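The structure under discussion appears below in the form of structure tokens.
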């Protein structure tokens, strides 16, 4: 009887539904879009998998539309996007320094995470640029009691020229600490997934005396390919979206969006100043300005032939329907436009190392978009001229793969 009892216990344990906890960076909406796509593919591989999300705004806005369950403890997370907005001014965000000054937020959020995994057993924790969890687990490896997968679309802190020698030394120090953590606790990450391909990695070193970024990443990561989370819409679908927006035959649509972090208000206002100029140059041009979930549409000035909206679900469909776009320079939005083969101008945030170095390198590899400095975009005539010129450009982008989410899910699913 004792043996039979043990057998029944073992069978019940084997039938326990598998659980995963997904952590998605709230700095922008790109992580959330791709993570939802990966979660859908994970459930296809493991139909009984239960996925919960420890997330904060604006990620929760995307999750709500996708019907994804958000863990109640998410209410105790300190908001990273609000900190990033406080650190930005007039389209300038010194991203590396902003993250350096986020320690209190990261400590708080790791403690929330630790309470959650204390109360509930998860077979797998997935951290998409969840810097707090990755760092503090490496510092406290005894707290790891689950399979842990790390996802990112860039590797390496890089200094911006404005930071001078001091920032170059600091970024190298941060990189050296990360490399040392990985060497000392090799098994802490059960899988490191790069969202992209080896050629997407910048040709630079981590710092003096440190490895080359690409070589080190190839040795330490698996590559999922880029994750769009969608198949580019057909011409019929594009036409339906345009009709729904009231775009008539012969009219051109310019979509303007600055992502979900809330730091793009200054650029949106510059675009509004350029609308009348652009329409004089190209009378059939109409504008759809998407402020995202953290900028109040009512705060935008009004212009003829320019509609303003807040959060737009499945924004990639609207982007795919445009004739030209102007965007901030975040990776996801730019790659959605590249996948849809739409001409676009992107204006990276000043001093944002990822947008100016990592993202720009990737876009140049795809031959996608035209980069414009914010100092140039401040001039309405220059901004209007750039948009009109881009609208007439014939694109020849490198194709963007559509199976990245499935490939990422296969890599993660092996851990369950």
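The values are calculated or read from the model by the stated rules, or taken from the named source; none is laboratory data. Since we're looking at a predicted model, the values are computed, not measured. Note: ideal-geometry Cβ built from the backbone for every residue, glycine included; neighbour counts use all protein chains shown.
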Original post:
Considering the range 186-215 alone, what residues qualify as being part of a loop (DSSP other than H, G, I, E, B) and under 15 Å from residue 404 (Cα atoms)?
Top reply: 195, 196, 197
Original post:
Quick one: is residue 85 in contact (Cβ under 8 Å) with a residue 12 or more places away in the chain, surrounded by 15 or more Cβ atoms within 10 Å (Cβ to Cβ) and in a helix (DSSP H, G or I)?
Top reply: yes
**OP:** Evaluate the following for residue 90: is it surrounded by fewer than 21 Cβ atoms within 10 Å (Cβ to Cβ), on the phi > 0 side of the Ramachandran plot and touching a helix residue (DSSP H, G or I) at 6+ places or on another chain (Cβ under 8 Å)?
**Re:** yes
Original post:
From the set of residues in the range 73-82 that are in contact with a helix residue (DSSP H, G or I) (Cβ under 8 Å, 6 or more places away or on another chain) and assigned to a helix (DSSP H, G or I), which is nearest to residue 351 (Cα to Cα)?
Top reply: 80
Original post:
In the range 225-244, what residues are assigned to a loop (DSSP other than H, G, I, E, B) and at pLDDT 95 or above?
Top reply: 225, 226, 227
Original post:
Of the residues 105, 126, 99, which is outside any helix (DSSP H, G or I) and more than 20 Å from residue 216 (Cβ to Cβ)?
Top reply: 126
Subject >> Options 306, 298, 278: the member that is free of Cβ contacts under 8 Å to residues at least 12 places away in the same chain, assigned by TED's automatic domain parsing to the domain that holds residue 239 and farther than 22 Å from residue 34 by Cα >> reply: 298
Original post:
Has the range 220-227 got at least one residue that is in the same structural domain as residue 125 (by TED's automatic domain parsing), touching a residue at least 24 places away in the same chain (Cβ under 8 Å), surrounded by fewer than 18 Cβ atoms within 10 Å (Cβ to Cβ) and within 29 Å of residue 129 (Cβ to Cβ)?
Top reply: yes
